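The values are calculated or read from the model by the stated rules, or taken from the named source; none is laboratory data. Computed from a predicted structure; not experimentally measured. We place every Cβ from the backbone using ideal geometry, glycine too, and count neighbours over all the protein chains shown.
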């Protein structure tokens, strides 16, 4: 039965139903404002001052509900772009109605693949049975700082909370982020009947990381409150180890920068080679274009010659037809000539007969005259 409740609470439909019917009525919006102010008012003053005058940063409120925390942070830092994300579509729809001047995202960070200078999440991670994959996901999309606030040492969890956080719940290092600050905060029982744990992680690649050290960010009252606690002594020792790791990482970072410079020089040399190759390619392209033009001219000459050949072929065909016509005429003339020869021979025979007749009568006339 307990598992069924968890599945219900951890579903989209559960939270969409809450944001539709009773989120505001049960003080959800007031609680969001309270937790947001509690977190940001207890961060190191130097950290807050750096943010106030930095226009190039962006802040995402991860699990922003109906956007009240986004508006609260934006009022604190008017020069910074503040936006919110929540997996509940109803929450984001309400947030856009409440604060149309802000940007809100519905779904997961992986749906948008946007990165933010700072990601802030308050009272969200306790809603997961295993919050660590979500912490790692948030860290992948944060560029400089990660701010987390969760209920601290919650023994009797409410039904919506599946995980309780203690001192050892958060590591000193999350991906490329190192723990730079933590504080255990007392709360107003009207909003939360217990303490809250506030943590600030800084990226080892952050431009602002060198402005912080452990002495600056650990509140004096925390040292006093837990001075006799073996756990805090252990934590301080781990924090000192963190500084050593940090220095080592900075040294490695310097080495990487030197490698990067060498790679840049190599890249410049290759760029020059590429430039020369591009010039050669341009020359070859010009040669190819000239050859193509020459081939085109030759094609035109060939086409002209082909046209002349076709013309000559037509002439030859016409001449052949003319010869055939004349041959036929010659045959006809031959036949006519043979006929004429026959007629001539016939006429010659007639003439010979007439000549004989004439001679006959001439001879008779001579005989009679005698």
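Here residue 199 meets each of (1) modelled with pLDDT of 85 or more; (2) over 30 Å from residue 24 (Cβ atoms); (3) within 36 Å of the chain's Cα centre (by Cα); (4) not in a helix (DSSP H, G or I) with one exception, condition (2). If you go through region 121-169 and keep only what is farther than 25 Å from residue 12 by Cα and modelled with pLDDT under 90, you end up with 155, 167, 168.
Scan region 4-11 and give yes if some residue there is at pLDDT 90 or above, assigned to a helix (DSSP H, G or I) and out of contact with any helix residue (DSSP H, G or I) (no Cβ under 6 Å at 6 or more places or on another chain), otherwise no. No - not one qualifying residue is present in region 4-11.
Going residue by residue through region 209-225, is there one that turns out to be modelled with pLDDT of 75 or more and surrounded by 13 or more Cβ atoms within 10 Å (Cβ to Cβ)? For region 209-225, residues modelled with pLDDT of 75 or more and surrounded by 13 or more Cβ atoms within 10 Å (Cβ to Cβ): absent. Residue count for region 176-190 satisfying the condition of being surrounded by 15 or more Cβ atoms within 10 Å (Cβ to Cβ) and assigned to a loop (DSSP other than H, G, I, E, B): 2. Would you mind stating whether residue 278 is in a helix (DSSP H, G or I) and touching a residue at least 12 places away in the same chain (Cβ under 8 Å)? It is false that residue 278 is in a helix (DSSP H, G or I) and touching a residue at least 12 places away in the same chain (Cβ under 8 Å). Looking across region 75-105, the residues that are part of a strand (DSSP E or B) and either touching a strand residue (DSSP E or B) at 6+ places or on another chain (Cβ under 6 Å) or surrounded by fewer than 18 Cβ atoms within 10 Å (Cβ to Cβ) (or both) come down to 81, 82, 83, 84, 85, 103, 104, 105. Looking at this structure, is residue 175 out of contact with any strand residue (DSSP E or B) (no Cβ under 6 Å at 6 or more places or on another chain) and over 27 Å from residue 189 (Cα atoms)? For residue 175, the condition - out of contact with any strand residue (DSSP E or B) (no Cβ under 6 Å at 6 or more places or on another chain) and over 27 Å from residue 189 (Cα atoms) - is met. Do we have residue 370 as surrounded by 10 or more Cβ atoms within 10 Å (Cβ to Cβ) and modelled with pLDDT under 90 here? The answer is no for residue 370. Considering only region 130-150, I want to know if a residue exists there that is buried (at least 19 other Cβ atoms within 10 Å of the Cβ), touching a residue at least 60 places away in the same chain (Cβ under 8 Å), touching a strand residue (DSSP E or B) at 6+ places or on another chain (Cβ under 9 Å) and under 20 Å from residue 30 (Cα atoms). Taking every residue of region 130-150 in turn, at least one turns out to be buried (at least 19 other Cβ atoms within 10 Å of the Cβ), touching a residue at least 60 places away in the same chain (Cβ under 8 Å), touching a strand residue (DSSP E or B) at 6+ places or on another chain (Cβ under 9 Å) and under 20 Å from residue 30 (Cα atoms).
Taking the condition over 30 Å from residue 241 (Cα atoms), within 27 Å of the chain's Cα centre (by Cα) and modelled with pLDDT of 95 or more, does residue 113 pass? Judged against the criteria, residue 113 is not a match. The set of residues from region 74-94 being out of contact with any helix residue (DSSP H, G or I) (no Cβ under 8 Å at 6 or more places or on another chain) and under 21 Å from residue 110 (Cβ atoms) comprises 81, 92, 93.
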